[in-house]
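*Asks:* Pasting a structure here, questions to come.
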Amino acid sequence: MLWGAAGLAALGLLVALEITARHYGQPGPITDQLSGVILAPKPGPLYGGLALMMVVLTWRQRFVAAGVAIGIDVVFVLVRWAAGVKMTDGHSFGNGALWVMLGCAVIAVTRRTGAERVLLLKGVGLGLLLVAGRKTGDTWLLVTAKAHPSVLDPYVATADHALGNPSWVAGRILAATDPVGSPVLAVIYAQLAVAAIVVALYQLRNVVAERRFPRHHLVRTFLVIGLLGPAIYMIFPVVGPVFAYGPGASGTGGVQWAVADVWPHTPPQITALHPVSYDDLTPRNCMPSLHTAWATAIFIHTRQGPRILRYAGAFWLTATLCATLGFGYHYGVDLVAGVVFALTIEAGLRAADRGWDRAGIGLVVHGTAVFAALLLSYRFLPMEMAGHPGVFGPLLILAMTSVIYGYVRTTRLWEPTAAPALQPEPQPEPV
């Protein structure tokens, strides 16, 4: 029943986003997904989904599935080359991965029974969910740009004075490290999903042996963050420092839409605040920083892994924070909200898995209240925050720290403790 309800909810969301995207003259997530059967898609999400699906297969089945996917892609590429079809915008191959996932779904229905069928369908569903999540996110970003002609960047930039305008500072530091710093951070920022898949594959490594999925893993947190985050974008539309206060990037935005071309050299002045108009292409995807939320989730889920995985999780979180600020994609207050957002979602998922208790409910309520308070303060108290940074800056950090402390304290209580070894009872010495 739970899987059925989740499936119906996901289908309803996809249909709603498809209708909305068509309203704005763009293909929606369902159309994009179906077109990947024939048209050249982006390979990353599809092969990432295939890798996740293969956690339910044996090693022999994995080699067969990967070989079939690559073979199908070779055929598609040769046919397109012979027909003179040009592939642009990163769309090159990936059809084979989608065909294999769909084929495994057919095999599960027609050739498997009982628990084996359920396990294979769960694996296929996990892989397709990753692909659908990417398509859904792209549609959400389109909707945020089309639905909000105005953005609230002046409010967030003013509130960011309470933290010392960290994006401006990080932008200057990153510029000073070029030509080395920017390319390295750009790769880390762009390949966040790859890091997540690596961690997820480690967590799901025993699925084929145990014939079941663990109760909680990173993919679930990633998908929920990606589902709920854009809803906040619709409430609090923000484009980011490089767009609102700089030259823009990636062909969208630009100086003609900016409040002022001052990023990253001169922090914005504190003036009367009002929403500002912006183009209908740049996503309003800043508040909260989902890159920060996802990197925080990766960090959390690597804590129980081997040392190299723990180091990698800490490195990826640190590098992602530096990239989001240094490239001007986010304000400092976005990152604070992103950490609280991720911890609250992770707490809710873990509390739901183990059964809601007083500690779990209290943690989720506290995280939700802090997150709401952050958004309200950014919107209605930015002038006060900028005028009293010595007060509001520590308050922002304290609010975030309270959620971090609550999460660590509560989840430690949830961790199973090893039973003490039984000590042999003393025996009387023979007389």
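*Asks:* Would you check if residue 347 is surrounded by 19 or more Cβ atoms within 10 Å (Cβ to Cβ) and in contact with a Leu (Cβ under 6 Å, 6 or more places away or on another chain)? Step through it out loud before you land on a result.
*Replies:* Details: surrounded by 19 or more Cβ atoms within 10 Å (Cβ to Cβ): yes; in contact with a Leu (Cβ under 6 Å, 6 or more places away or on another chain): yes.
Taking the combined requirement at face value, the residue satisfies it.
*Asks:* Next question. In segment 55-73, what residues are open to solvent by 50 Å² or more (accessible area, probe 1.4 Å) and either more than 13 Å from residue 43 (Cβ to Cβ) or modelled with pLDDT under 90 (or both)?
*Replies:* We begin by selecting, within segment 55-73, every residue open to solvent by 50 Å² or more (accessible area, probe 1.4 Å); these are 58-61, 63-64, 68, 70.
Matches in segment 55-73: 58, 59, 60, 61, 63, 64, 68.
*Asks:* Follow-up. How about segment 170-195: which of its residues are farther than 23 Å from residue 222 by Cα and within 25 Å of the chain's Cα centre (by Cα)?
*Replies:* Here is the first cut: in segment 170-195, the ones farther than 23 Å from residue 222 by Cα are 170-184.
Across segment 170-195, the qualifying residues are 170, 171, 174, 181, 182, 183, 184.
*Asks:* Let me ask something additional. Identify, please: which residue in segment 367-383 is more than 24 Å from residue 222 (Cα to Cα) and hydroxyl-bearing (Ser, Thr, Tyr) and is, among those, surrounded by the fewest Cβ atoms within 10 Å (Cβ to Cβ)?
*Replies:* In the first step, residues of segment 367-383 are kept if they are more than 24 Å from residue 222 (Cα to Cα); the result is 376-383.
Those still in the list that are hydroxyl-bearing (Ser, Thr, Tyr) too: 377-378.
Values: 377: 19, 378: 26.
Once the filter is applied, the top-ranked residue is 377.
*Asks:* May I pose another question? So the check is Cβ under 8 Å with 6+ separation or different chains; which pairs have a first residue in segment 286-304 that's free of Cβ contacts under 8 Å to residues at least 12 places away in the same chain and a second one that's outside any helix (DSSP H, G or I) and open to solvent by 10 Å² or more (accessible area, probe 1.4 Å)?
*Replies:* none
Every residue, every condition in (1) closer than 26 Å to residue 264 by Cα; (2) surrounded by 21 or more Cβ atoms within 10 Å (Cβ to Cβ), yes or no:
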| residue | (1), (2) |
| --- | --- |
| 131 | no, yes |
| 149 | yes, no |
| 160 | yes, yes |
| 173 | yes, no |
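*Asks:* Among the listed residues 154, 237, 149, identify the single one that is closer than 27 Å to residue 15 by Cβ and out of contact with any Phe, Trp or Tyr (no Cβ under 8 Å at 6 or more places or on another chain). Walk me through it before giving the result.
*Replies:* Working: 154 fails: closer than 27 Å to residue 15 by Cβ; 149 fails: out of contact with any Phe, Trp or Tyr (no Cβ under 8 Å at 6 or more places or on another chain).
Going through 154, 237, 149 in turn, just one is closer than 27 Å to residue 15 by Cβ and out of contact with any Phe, Trp or Tyr (no Cβ under 8 Å at 6 or more places or on another chain): 237.
*Asks:* Please list, ordered by first then second residue, the pairs with beta carbon atoms under 6 Å, 6 or more apart or interchain, first in segment 258-272 and in contact (Cβ under 8 Å) with a residue 24 or more places away in the chain, second open to solvent by 80 Å² or more (accessible area, probe 1.4 Å).
*Replies:* 264/172
*Asks:* Inspect segment 237-251 for any residue being more than 14 Å from the chain's Cα centre (by Cα) and over 25 Å from residue 174 (Cβ atoms) and give the result as yes or no. Can you show your working first?
*Replies:* Residues of segment 237-251 more than 14 Å from the chain's Cα centre (by Cα): 237-251.
Okay, now just the ones that are also over 25 Å from residue 174 (Cβ atoms), so 237.
Checked segment 237-251: at least one residue is more than 14 Å from the chain's Cα centre (by Cα) and over 25 Å from residue 174 (Cβ atoms).
*Asks:* A follow-up question, please. Any residue at all in segment 27-35 that's open to solvent by 30 Å² or more (accessible area, probe 1.4 Å), part of a helix (DSSP H, G or I) and farther than 24 Å from residue 122 by Cα? Before the answer, list the steps.
*Replies:* Kept after step one, since they are open to solvent by 30 Å² or more (accessible area, probe 1.4 Å), are these residues of segment 27-35: 27, 30-35.
Cutting the leftovers down to part of a helix (DSSP H, G or I) gives us 30-35.
Retained after the next criterion (residues that are farther than 24 Å from residue 122 by Cα): none.
No, the conditions are met nowhere in segment 27-35.
*Asks:* Let me ask another. Got a sec? Which helices (runs of 4 or more DSSP H) wholly within segment 185-237 have at least 2 residues that are farther than 18 Å from residue 127 by Cβ and either open to solvent by 60 Å² or more (accessible area, probe 1.4 Å) or of a type in the set (Lys, Arg) (or both)? Outline the logic, then answer.
*Replies:* Values: elements: 192-203, 207-210, 218-235.
It comes to 207-210, 218-235.
*Asks:* Can you say whether residue 386 is modelled with pLDDT of 95 or more, part of a helix (DSSP H, G or I) and under 23 Å from residue 288 (Cα atoms), as far as the supplied structure shows? Spell out the reasoning first.
*Replies:* On the way: modelled with pLDDT of 95 or more: no; part of a helix (DSSP H, G or I): yes; under 23 Å from residue 288 (Cα atoms): yes.
Taking the combined requirement at face value, the residue does not satisfy it.
*Asks:* I'd like the full set of residues that are within 17 Å of residue 72 (Cα to Cα) and either in contact (Cβ under 8 Å) with a residue 40 or more places away in the chain or in contact with a Cys (Cβ under 7 Å, 6 or more places away or on another chain) (or both), limited to segment 28-44.
*Replies:* Restricting attention to segment 28-44, the residues satisfying the condition of being within 17 Å of residue 72 (Cα to Cα) are 34-44.
Scanning segment 28-44 gives 36, 37, 38, 39, 40, 41, 42, 43, 44.
*Asks:* Given the criterion open to solvent by less than 50 Å² (accessible area, probe 1.4 Å), among the β-branched types (Val, Ile, Thr) and farther than 29 Å from residue 282 by Cβ, identify the matching residue among 364, 339.
*Replies:* On the way: 339 fails: farther than 29 Å from residue 282 by Cβ.
After applying the criteria, what remains is 364.
*Asks:* Restricting to segment 202-240, count the residues that are over 30 Å from residue 331 (Cβ atoms) and not aromatic (Phe, Trp, Tyr). Full working, then the answer.
*Replies:* Initially, segment 202-240 is screened for residues over 30 Å from residue 331 (Cβ atoms), giving 202-217.
Filter again for not aromatic (Phe, Trp, Tyr), leaving 203-212, 214-217.
Residues meeting the conditions: 14.
*Asks:* Another question about this same structure. If residue 248 meets every condition in (1) open to solvent by 40 Å² or more (accessible area, probe 1.4 Å); (2) free of Cβ contacts under 8 Å to residues at least 40 places away in the same chain apart from one, which number is that one?
*Replies:* Going through the list (1) open to solvent by 40 Å² or more (accessible area, probe 1.4 Å); (2) free of Cβ contacts under 8 Å to residues at least 40 places away in the same chain, residue 248 breaks only (1).
*Asks:* In the set 368, 410, which member is β-branched (Val, Ile, Thr) and modelled with pLDDT under 95? Step through it out loud before you land on a result.
*Replies:* Values: 368 fails: modelled with pLDDT under 95.
Of 368, 410, the one residue that is β-branched (Val, Ile, Thr) and modelled with pLDDT under 95 is 410.
The values are calculated or read from the model by the stated rules, or taken from the named source; none is laboratory data. Just so you know, these numbers come straight off a predicted model, no measurement behind them. No Cβ is skipped: glycine too gets one built from the backbone with ideal geometry, and neighbour counts run over all protein chains shown. With ligands, DNA and RNA removed, areas are computed over all heavy atoms of the protein, side chains included. Shrake-Rupley method; radii C 1.70, N 1.55, O 1.52, S 1.80 Å.
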